[in-house]
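K.L.:
Mind looking over this structure? Questions follow.
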Amino acid sequence: MSKATELTKEYIELTKKDLKAHTETAKEANHYIVNSTAQYHGRCVKSLYVPKIYTEREEQLFSDLVETICGIFYKVMERYEKDEAYRRLFGFEPKLEELILRKPRYKSPIPMARIDIFLNEETGDFKFCEFNTDGTSAMNEDRELNIAIKKTRAYQEMGEKYEFHTMELFDSWVETFLEIYHTCDHAVESPNIAIVDFMENATETEFEMFAKHFREHGMKAEVCEIRDLKYRDHRLYTPNGMEIDAVYRRAVTSDIMTHYNEVRDFIEAVKSDNVCLIGDFRTQIAHNKILYKILHLQETQDFLSEKERAFVKAHVPMTYSIHDKRLSVEKVLAEKNHWILKPEDSYGSKGIHAGVECEKAEWKEYFLRERENEKSTYLIQEFCTPYRSMNIDLVQGDTEFFPVYNLTGLFAYGGRFCGVYSRISKNEIISTQYSEMALPTLFAKERS
């Protein structure tokens, strides 16, 4: 048993000693969350009583993991730029490829990411779930959950023995953003920032929190609907008339390409290099799920180091295009629980079908529908069963602990590990479509 799992067990045993008292403080924490800014389109983040607890061991593991996978991303991005045959493996449409191949204006290939992993908390082994380099989110949920937990009795009692710390994700991003921006040509000391998205998809409270932190660092910052940006006289403007020096892009690439004709002013400013776009479009190389397949191909293995090849083999689930001739249809249908179907380019778990969640007939229908569709861009991937831990919903009056499945999201700013977003579910698929919840994440060490 790892130290982290020992601490979680200690937290649970402490809670069991007086469920009634802990329930009262759980309700206080929940009252805070329900009235907090941790809201998305009217939906409030839901949590349970026991937080995710890690130690220096996991912090170092996460840091090393982020450094290694980002190093691999950078090599793939460089090869994509230089090798036309390698580019064809991704199959991006010409308009997107044109945007990706623009000369970078700054020195950080992937300014922001959230790298989701399935972590075995006892052994430290892991498999990758998703690379989110576009529209990375949930920093505000993490912040609010870490405020709420301080109101609970278990946190306070454990805090007498252990020193807890959390990871700050707003000022650290502003500082990283400025560090990246100031590597651009013609950077100004205090740039005007636009945080942009298609607002029907946006996490507005989180955007406003980032804008607040930019302003506290002495900059002007506005949250903007990307369709409403205006480009004139070689400058990009917000709807309020503010000249934009740098864009913090939260609009994911797939949405931009879908609404390409509606965001032409934004596109023109970017293509003309008259605004600094931080996350530029080449982040799509890592964001698109086809990378899982491409990392295992010989074309990629040839330019990775021996250590990187072993890392990919150990931690990147085997992934195939739906039409791959190496796939045995009979085997996929017979062993449905070993597989998951994913669109190449989506977010928020849209369009995903896991064999473990399907009846045999249902799985057969999903798989064959995509397999027989010549235009389908679905991928089929090895399914990773998430690690299970125990938790309890005291707010709902539970008196027994029950198992939950875990997904660990690692925030990376400028290629450096900077925080964790911990999600759980009663189902093996951890998604808002099912019973997804989030937990505060604490890093602990014994007090001197």
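K.L.:
What is the percent of Cα-Cα separations in segment 305-355 that go past 15 Å?
P.N.:
Here the tail beyond 15 Å accounts for 60 percent of pairs.
K.L.:
Next up: Pairwise over distinct Cα atoms, reciprocal of the mean inverse distance: report the Kirkwood radius of segment 277-322 in Å, one decimal place.
P.N.:
Numbers: mean 1/r = 0.0858 Å⁻¹.
This gives a value of 11.6 Å.
K.L.:
Here's another thing I want to ask about it. For segment 1-136, what is one quarter of the convex hull surface built on the Cα atoms, given in nm²?
P.N.:
12.3 nm²
K.L.:
Can you tell me which of 49-55, 86-92, 301-307 comes out highest on packing, and rank the rest after it, using the mean Cβ neighbours within 10 Å?
P.N.:
49-55, 86-92, 301-307
K.L.:
Using the 2.2 N^0.38 Å rule of thumb for compact globular proteins, work out how segment 132-283 stacks up: its C-alpha Rg over that value, please.
P.N.:
1.20
K.L.:
When N counts the residues of the chain, how does its alpha-carbon radius of gyration compare numerically with 2.2 N^0.38 Å, as a ratio?
P.N.:
Taking the Cα Rg and dividing by 2.2 N^0.38 Å, one obtains 1.00.
K.L.:
Show me the GluC sites (Glu not before Pro) within segment 223-275 that DSSP assigns to loop and that have at most 13 other Cβ atoms within 10 Å of their Cβ.
P.N.:
none
K.L.:
Counting only heavy atoms of the protein chains, get the accessible area per residue of the chain (1.4 Å probe) and round it to a whole Å² value.
P.N.:
Heavy-atom SASA per residue in the chain reads 44 Å².
K.L.:
Tell me the Kirkwood radius of segment 316-416: reciprocal of the mean inverse pair distance over distinct alpha-carbon atoms, in Å. Write down the numbers at each step before the final one.
P.N.:
Details: mean 1/r = 0.0629 Å⁻¹.
Here the Kirkwood hydrodynamic radius works out to 15.9 Å.
K.L.:
Return the subset of Lys103/Lys325; Lys95/Lys375; Lys103/Lys313 for which the Cα-Cα distance in this structure is over 26 Å, preserving the input order.
P.N.:
Lys103/Lys325; Lys103/Lys313
K.L.:
Continuing with this model, one more query. Could you work out the relative contact order of the chain? I mean the mean sequence separation of Cα pairs under 8 Å and 6+ apart, divided by the number of residues, in percent. Numbers along the way, then the final one.
P.N.:
On the way: 772 pairs, mean separation 112.3, N = 448.
Computed over the chain, the figure is 25 percent.
K.L.:
Roughly how many percent of the accessible protein surface of the chain is carbon and sulfur, given a 1.4 Å probe and a whole-percent answer?
P.N.:
46 percent
K.L.:
A further question on this structure: Which peptide among 155-166, 277-288 comes first, and what is the full order, when sorted by highest mean count of other Cβ atoms within 10 Å?
P.N.:
Working: 155-166: 14.9, 277-288: 24.2.
Descending packing order for the listed peptides: 277-288, 155-166.
K.L.:
Run down the lysines and flag those whose C-alpha is under 17 Å from the C-alpha of Lys46, throwing out any fewer than 8 positions away in its chain.
P.N.:
The reachable lysines, counting only those whose Cα sits under 17 Å from Lys46, are Lys27, Lys150, Lys151, Lys426.
The values are calculated or read from the model by the stated rules, or taken from the named source; none is laboratory data. Note that the structure is a prediction, hence the values are computed from the model and not measured. Cβ sites come from the backbone with ideal geometry, for glycine too, and all protein chains shown count toward neighbours. To get the accessible areas, we keep the full protein, side chains included, count just its heavy atoms, and leave off ligands, DNA and RNA. Shrake-Rupley method; radii C 1.70, N 1.55, O 1.52, S 1.80 Å.
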